[in-house]
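Colleague: Pasting a structure below so you can have a look.
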Amino acid sequence: MTPASPARESVQAPEPAGLTETEAAGRLVASGPNEVATGRHVRLHTRVLGQLRDPLILVLLGAVALTLAIGDHPDAVVIGLVVVVNTTVGVAQEVRADNAVAALSAMSAPHARVRRGGTVRAVRAVEVVPGDVLVLGEGDIVAADAELAEASALLLDESTLTGESVPVDKDAGAVLAAGTVVVRGRGVATVTATGASSALGRIAALLDDRHERTPLQRRLAGLGRTLAAVTLALCLLVLGLGLLRGVPPGTMAVTAISLAVAAVPESLPAVVTLALALGARRMAARHALVRRLPAVETLGSVSVLATDKTGTLTQGRMRVDSVWTPRGSTELTGVGYEPVGEARVGGRAAGESELAPVRELLTATALCNDATLRPPDPTSPDGRWTALGDPMEAALLAAAAKTGCPGQGELGTGCPRIGEVPFDSLRKRMTTLHRTAGGQILVCLKGAPEAVLVPGVIDAGPDTIARARDEAARYAARGRRVLAVASGRRDDVPDPLTAAESGLTLLGLVALSDPPKPHAGRTLADCRAAGITPVLVTGDHPATARAIAERVGLLGEGHQAEADVVTGADVAAGRVADLTSVRIFARTDPQQKLDIVEAWRAAGAVTAMTGDGVNDGPALRRADIGVAMGARGTEVARQAADLVLTDDDLSTVVAAVEEGRRVYDNVRRFLVYGMAGGAAEILVMLAGPVLGLPLPLRAGQILWINLLTHGLTGVAMGAEPTAPGTMRRPPRPPDQHILGDGAWQRLLLLSAVVTVTSLGAGLTAQGLGLAWQSVLFLALLAAQLGVVLGLRDRLFTWQNLLLPLAVLASAVLAAAALYVPFLRTVLDTSALGWTGLALAAACVPVSLLAARLLRRAFQG
Ligand code: ATP
């Protein structure tokens, strides 16, 4: 998406008026929304069939047939019930996850700027109708097919449509296709076709990647297959041993099948999808819109955060505080974009003669400007002036107004713009051409000092240029953004327009302050505490970058002296051996951002990178987590990003990382719990007969335990709160096994504890002459519920009440299995007396305590 051709120019025409709101509303009804039905709507029966095709469910259906054939009706009912409940829960979770993802895509859907009723406003792209006047600027995505009415150096990237990556120039009259991207320049176009009848219809398929599986899901699917194989082998062993002991083959077959179903955490994929979707929803509530589900999980392991400066670390509300002209420097007072303030020289109000050169300079910046200032909205409570467009250009307009320069309206009529060479981050300067009342051509240029203070551009002696450079360096070292401004007069419009950028008179420098956000330092400290390395990558001057980095403590306490700054030119020339050793990059262009991301990724880091410009797309896509600003960023950056910050605040990335870590922790917790329970069930079935408990559990009982553990409590685990200290530990290594870092050990030891305690309860019951099988059934459930509670990070907390409620519900349903006559018949249990109940209940504290001790022994 890098501009390939030199800057182009064009001449402006009168603007089309646009539809009224009423007309637009009428057309929306007539032509329908500007979107393409994705055909992704899945019917209910398709979802149900999808669930029933699960191999384990097929096995269960086989078991129903088998039990019916051998006349074991109670087990047939229970297994049938399990199939129904499993399918219902599966479908419900799928629908919930899909809805959550759909809601997210709606939130991050593209917007478009249209002129309606004479004013330009942002609308959702789906609301664009034929006849609408689209206002296009750098970084916009063309929302519908349109005919270009007016173009100013408009360069379009049509690669989404044609695959051709070289951007194309477009002049008035050209046809623009929906989905293409404005790389540079501006334009106004009239919409000709929307929705399915537009080019969007052709590219809709390219935009939809919602059904991609996350790395975690893929890894879990692999784990699931291994588990299924191991479990099946063990179940066959149980079957064989049972048959050897003379248990009827039908009963034994059904038992082995039930055991297989119970031991494999088949609800795992559903739990994971739901955990990710819920995580994405929680992130949205914290102002972080996730555009791809896998990002939720990747966020948890982010280890490097490459951030830009303006509006991310700083407030992005710029203010001109000094103007330097070759005659001397002038300070400007005032706050925000209010055109109220005073020009002061050496501590006193500036005199008319001192103001004249300042006015000339600021008038040039007001002409060479695409922003607009808006007076306070009478209905808004804060009564502040606001800006439309680039905050820096808005600040220049406010400064011009403070010093009594002519207003934008007056300048527009007195000195209309007849051409421009727009700003881009490679050239770092912008030029406009205006026709003066006397018929001459006025050239106004502003840009980064090193792009302007060069002999070819400025017609001045080396002394003047050197003085201006020194002043610029002084302002930059104080953290100011500096612009150099020049102007000149011509008799004719030069061809090409870039030829106007030479032989100009230096008007002076403007120094803009953009103070750091109050909590930027805190956010960076939080990053470091969480093991995330912050790196500043800015297009600004090295001295400005260093000053801001020092002010926000980018390198942490006591490291300020190491604030070495590397420039984009150093990177491009290969002067930096190891890009990962640098913390501050200045004057970088988008290609160098990409190099920095690549270097970190090659070093094994998981990178998050912020970006907002039109050319940031590739770096945002390449970074593990591309972060775009919702308010400030361009549409292209937003659509290329994995994460969109609706509040443009860096601390939101840290919050999202915290949510990502929480999701991962909860999935791991569920795995430990579910697999420990499954393993315990198999061990009980294997060891029971050896210890004198012939058929420890009936098929129905095993499935009942499965429903209550994996179903109710398992899902509730997905909503567990963030563990204290989550953001004070380093990120997990990206290649770490999902059961690494102590999880295997905990799982095996917990399954041993659950097996021993429940078998202990069963054997004691047998010794006391009680209904031992019912005690064992209840004990196995109780021990697993103890594990659920013990695995919590905070045992007693008001957060996630769902979990204690799920445990309670499971306990009630476990009791129901013993005391509701119908269930008792179906599950073949007996009502227990106090002793039996106490024996089973005793398993809760034992497994709970074991889980807590193991948490300490094997962190993770
Ligand atoms: P940051 O990290 O601060 O967000 P950036 O990557 O947005 O920086 P650019 O927008 O590429 O930086 O700007 C680079 C330099 O170009 C600025 O420091 C400034 O001197 C100059 N510049 C920026 N915008 C304009 C403009 N509209 N007209 C002229 N010059 C500009």
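The values are calculated or read from the model by the stated rules, or taken from the named source; none is laboratory data. Since the model is a prediction, treat every value here as computed from it, not as a measurement. Neighbour counts run over all protein chains shown; Cβ positions are idealised from the backbone, glycine included.
Colleague: Please go through the range 69-93 and pick out each residue that is of a type in the set (A, V, I, L, M) and within 20 Å of residue 249 (Cα to Cα).
Modeller: Selection gives 69, 70, 76, 77, 78, 79.
Colleague: Only one of 293, 268 is in the same structural domain as residue 716 (by TED's automatic domain parsing) and not hydroxyl-bearing (Ser, Thr, Tyr). Can you tell me which? Steps first, please.
Modeller: On the way: 293 fails: in the same structural domain as residue 716 (by TED's automatic domain parsing).
Of 293, 268, the one residue that is in the same structural domain as residue 716 (by TED's automatic domain parsing) and not hydroxyl-bearing (Ser, Thr, Tyr) is 268.
Colleague: Looking only at the range 453-468, which residues are away from the ligand (no atom under 16 Å from the Cβ) and free of Cβ contacts under 8 Å to residues at least 40 places away in the same chain? Reasoning before the result, please.
Modeller: To start, the set of residues in the range 453-468 that are away from the ligand (no atom under 16 Å from the Cβ) comprises 455-456, 459-467.
Once the filter is applied, which keeps residues that are away from the ligand (no atom under 16 Å from the Cβ) and free of Cβ contacts under 8 Å to residues at least 40 places away in the same chain, the range 453-468 yields 455, 461, 462, 463, 466.
Colleague: Something else about it: Which pairs turn up if I take residues in the range 570-589 that are farther than 19 Å from residue 309 by Cα and look for partners that are part of a loop (DSSP other than H, G, I, E, B) with beta carbon separation below 7 Å, at least 6 apart in sequence or on another chain?
Modeller: Hits for this filter: 570/576; 576/582.
Colleague: Still on this structure, I have one more. Checking residue 667 against (1) more than 16 Å from the ligand (Cβ to nearest atom); (2) within 20 Å of residue 545 (Cα to Cα); (3) not hydroxyl-bearing (Ser, Thr, Tyr): exactly one of these is not met. Which one?
Modeller: (2)
Colleague: If I filter the range 423-435 for residues that are at pLDDT 85 or above, over 22 Å from residue 390 (Cα atoms) and within 14 Å of the ligand (Cβ to nearest atom), do I get at least one hit?
Modeller: Looking through the range 423-435, none of the residues is at pLDDT 85 or above, over 22 Å from residue 390 (Cα atoms) and within 14 Å of the ligand (Cβ to nearest atom).
Colleague: Give the residue, chosen from 610, 646, 567, that is of a type in the set (Val, Ile, Thr), within 11 Å of the ligand (Cβ to nearest atom) and modelled with pLDDT of 85 or more.
Modeller: The unique qualifying residue is 610.
Colleague: Name the single residue that is farthest from residue 400 (Cα to Cα) among those in the range 303-314 being within 13 Å of the ligand (Cβ to nearest atom) and not in a loop (DSSP other than H, G, I, E, B).
Modeller: Step one: filter the range 303-314 for residues within 13 Å of the ligand (Cβ to nearest atom), giving 306-314.
This time we only want the ones that are not in a loop (DSSP other than H, G, I, E, B), so: 306-307, 314.
Numbers: 306: 35, 307: 31, 314: 23 Å.
Selected residue: 306.
Colleague: Can you tell me which of 317, 384 is part of a loop (DSSP other than H, G, I, E, B), within 15 Å of the ligand (Cβ to nearest atom) and surrounded by 13 or more Cβ atoms within 10 Å (Cβ to Cβ)?
Modeller: On the way: 384 fails: within 15 Å of the ligand (Cβ to nearest atom).
Of 317, 384, the one residue that is part of a loop (DSSP other than H, G, I, E, B), within 15 Å of the ligand (Cβ to nearest atom) and surrounded by 13 or more Cβ atoms within 10 Å (Cβ to Cβ) is 317.
Colleague: Step by step: first the residues of the range 358-381, then only those that are among the hydrophobic types (A, V, I, L, M, F, W, C) and part of a loop (DSSP other than H, G, I, E, B), then the one that is nearest to the ligand (Cβ to nearest atom). Which residue is that? If you could, list the steps in order and put the result at the bottom.
Modeller: Pass one, the range 358-381, residues among the hydrophobic types (A, V, I, L, M, F, W, C): 358, 361-362, 364, 366-368, 371, 373.
Now restrict to residues that are part of a loop (DSSP other than H, G, I, E, B): 368, 371.
Numbers: 368: 7, 371: 9 Å.
The extreme case among them is 368.
Colleague: So which pairs qualify, if the first residue must be in the range 314-336 and among the basic types (Lys, Arg), the second must be away from the ligand (no atom under 15 Å from the Cβ), the Cβ gap must be under 7 Å, and the two must be at least 6 apart or on different chains?
Modeller: Close Cβ pairs satisfying both conditions: 317/336; 327/357.
Colleague: If you go through the range 26-41 one residue at a time, how many are surrounded by 14 or more Cβ atoms within 10 Å (Cβ to Cβ) and modelled with pLDDT of 70 or more?
Modeller: Count: 7.
Colleague: Just checking, which of 261, 296, 254 is buried (at least 23 other Cβ atoms within 10 Å of the Cβ) and in contact with a strand residue (DSSP E or B) (Cβ under 6 Å, 6 or more places away or on another chain)? Break it down into steps so the answer makes sense when it comes.
Modeller: Values: 261 fails: in contact with a strand residue (DSSP E or B) (Cβ under 6 Å, 6 or more places away or on another chain); 254 fails: in contact with a strand residue (DSSP E or B) (Cβ under 6 Å, 6 or more places away or on another chain).
Criteria check complete, one pass: 296.
Colleague: What is the number of the single condition among (1) buried (at least 17 other Cβ atoms within 10 Å of the Cβ); (2) within 16 Å of the ligand (Cβ to nearest atom); (3) among the hydrophobic types (A, V, I, L, M, F, W, C) that residue 411 does not meet?
Modeller: (2)
Colleague: Test residue 431 against the stated conditions and say whether it is in contact (Cβ under 8 Å) with a residue 24 or more places away in the chain, of a type in the set (Val, Ile, Thr) and surrounded by fewer than 16 Cβ atoms within 10 Å (Cβ to Cβ).
Modeller: Details: in contact (Cβ under 8 Å) with a residue 24 or more places away in the chain: yes; of a type in the set (Val, Ile, Thr): yes; surrounded by fewer than 16 Cβ atoms within 10 Å (Cβ to Cβ): no.
Considered against the rule, which asks whether it is in contact (Cβ under 8 Å) with a residue 24 or more places away in the chain, of a type in the set (Val, Ile, Thr) and surrounded by fewer than 16 Cβ atoms within 10 Å (Cβ to Cβ), residue 431 comes out as no.
Colleague: Could I ask something else about it? Taking the condition buried (at least 18 other Cβ atoms within 10 Å of the Cβ), modelled with pLDDT under 90 and either away from the ligand (no atom under 15 Å from the Cβ) or of a type in the set (Gly, Ala, Ser) (or both), does residue 539 pass? Please lay out each step first, then the result.
Modeller: Values: buried (at least 18 other Cβ atoms within 10 Å of the Cβ): yes; modelled with pLDDT under 90: yes; either away from the ligand (no atom under 15 Å from the Cβ) or of a type in the set (Gly, Ala, Ser) (or both): yes.
The answer is yes for residue 539.
Colleague: Mind checking which residues of the range 469-501 are assigned to a strand (DSSP E or B), more than 14 Å from the ligand (Cβ to nearest atom) and of a type in the set (Lys, Arg)?
Modeller: Our first condition is that a residue be assigned to a strand (DSSP E or B); within the range 469-501, this holds for 481-490.
With the extra rule that they be more than 14 Å from the ligand (Cβ to nearest atom), the set shrinks to 488-490.
Hits for the range 469-501 are 489, 490.
Colleague: Filter the range 396-421 for residues that are part of a strand (DSSP E or B) and within 21 Å of residue 438 (Cβ to Cβ) and give the result. Talk me through it step by step, then tell me what you get.
Modeller: Taking the range 396-421 as the starting set, the residues that turn out to be part of a strand (DSSP E or B) are 417-421.
417, 418, 419, 420, listed by residue number.
Colleague: Let me ask something else about it. Scan the range 502-522 for residues that are away from the ligand (no atom under 16 Å from the Cβ) and not basic (Lys, Arg) and jot them down.
Modeller: First pass over the range 502-522, keeping only residues away from the ligand (no atom under 16 Å from the Cβ): 502-503, 505, 518-519, 521-522.
Hits for the range 502-522 are 502, 503, 505, 518, 519, 521.
Colleague: While we're here: For residue 450, which of the numbered conditions (1) among the acidic types (Asp, Glu); (2) surrounded by fewer than 18 Cβ atoms within 10 Å (Cβ to Cβ); (3) away from the ligand (no atom under 11 Å from the Cβ); (4) not in a loop (DSSP other than H, G, I, E, B) fails to hold?
Modeller: It fails just one condition, (3).
Colleague: Going through 791, 823 one at a time, which residue ends up being under 20 Å from residue 670 (Cβ atoms), at pLDDT below 90 and buried (at least 17 other Cβ atoms within 10 Å of the Cβ)? Even if it seems obvious, please write down each step before you answer.
Modeller: Numbers: 823 fails: under 20 Å from residue 670 (Cβ atoms).
Just a single option satisfies the conditions, and that option is 791.
Colleague: Looking at (1) modelled with pLDDT under 70; (2) loosely packed, with under 15 Cβ neighbours inside 10 Å, find the lone condition where residue 175 falls short.
Modeller: Evaluating residue 175 over (1) modelled with pLDDT under 70; (2) loosely packed, with under 15 Cβ neighbours inside 10 Å leaves (1) as the failure.
Colleague: May I pose another question? Just one of (1) under 23 Å from residue 354 (Cβ atoms); (2) in contact with a Ser or Thr (Cβ under 8 Å, 6 or more places away or on another chain); (3) surrounded by fewer than 19 Cβ atoms within 10 Å (Cβ to Cβ) trips up residue 474, so point out which.
Modeller: The failed condition is (2).
Colleague: In this structure, does residue 507 turn out to be farther than 24 Å from residue 329 by Cα, touching a strand residue (DSSP E or B) at 6+ places or on another chain (Cβ under 6 Å) and modelled with pLDDT of 90 or more? First the steps, then the outcome.
Modeller: Details: farther than 24 Å from residue 329 by Cα: no; touching a strand residue (DSSP E or B) at 6+ places or on another chain (Cβ under 6 Å): yes; modelled with pLDDT of 90 or more: yes.
No; evaluated as a whole, the condition is false for this residue.
Colleague: Scan the range 823-839 residue by residue and report those that are among the β-branched types (Val, Ile, Thr) and within 13 Å of residue 764 (Cβ to Cβ). Can you show your working first?
Modeller: Quick first cut of the range 823-839, residues among the β-branched types (Val, Ile, Thr) only: 825-826, 829, 835.
The one that is among the β-branched types (Val, Ile, Thr) and within 13 Å of residue 764 (Cβ to Cβ): 835.
Colleague: Quick one: would you say residue 576 is within 13 Å of the ligand (Cβ to nearest atom), touching a strand residue (DSSP E or B) at 6+ places or on another chain (Cβ under 6 Å) and under 26 Å from residue 607 (Cβ atoms)? First the steps, then the outcome.
Modeller: Values: within 13 Å of the ligand (Cβ to nearest atom): no; touching a strand residue (DSSP E or B) at 6+ places or on another chain (Cβ under 6 Å): yes; under 26 Å from residue 607 (Cβ atoms): yes.
Against the criterion (within 13 Å of the ligand (Cβ to nearest atom), touching a strand residue (DSSP E or B) at 6+ places or on another chain (Cβ under 6 Å) and under 26 Å from residue 607 (Cβ atoms)), residue 576 does not qualify.
Colleague: Here is a follow-up. Considering every residue within the range 263-286, establish whether at least one is part of a helix (DSSP H, G or I), under 18 Å from the mean Cα position of the chain (by Cα) and without any contact (Cβ under 8 Å) to a residue 24 or more places away in the chain.
Modeller: Checked against the condition, which is being part of a helix (DSSP H, G or I), under 18 Å from the mean Cα position of the chain (by Cα) and without any contact (Cβ under 8 Å) to a residue 24 or more places away in the chain, the range 263-286 yields at least one hit.
Colleague: Moving on. I'm checking my understanding of the structure. Among residues of the range 271-311 that are among the polar types (S, T, N, Q) and out of contact with any Lys or Arg (no Cβ under 8 Å at 6 or more places or on another chain), which one is farthest from residue 621 (Cα to Cα)? Break it down stepwise before answering.
Modeller: Here is the first cut: in the range 271-311, the ones among the polar types (S, T, N, Q) are 273, 298, 301, 303, 307, 310.
In the following step, the residues that additionally are out of contact with any Lys or Arg (no Cβ under 8 Å at 6 or more places or on another chain) were identified as 273, 298, 303, 307.
Numbers: 273: 23, 298: 14, 303: 17, 307: 15 Å.
If we take residues in the range 271-311 being among the polar types (S, T, N, Q) and out of contact with any Lys or Arg (no Cβ under 8 Å at 6 or more places or on another chain), then 273 is farthest from residue 621 (Cα to Cα).
Colleague: Search the range 176-197 for residues being among the polar types (S, T, N, Q) and within 26 Å of residue 420 (Cα to Cα), and hand back the single one that is nearest to the chain's Cα centre (by Cα). I'd like the intermediate steps shown before the answer.
Modeller: Quick first cut of the range 176-197, residues among the polar types (S, T, N, Q) only: 180, 190, 192, 194, 197.
Narrowing the set further to residues that are within 26 Å of residue 420 (Cα to Cα) leaves 180, 190.
On the way: 180: 23, 190: 33 Å.
By that ranking, first place goes to 180.
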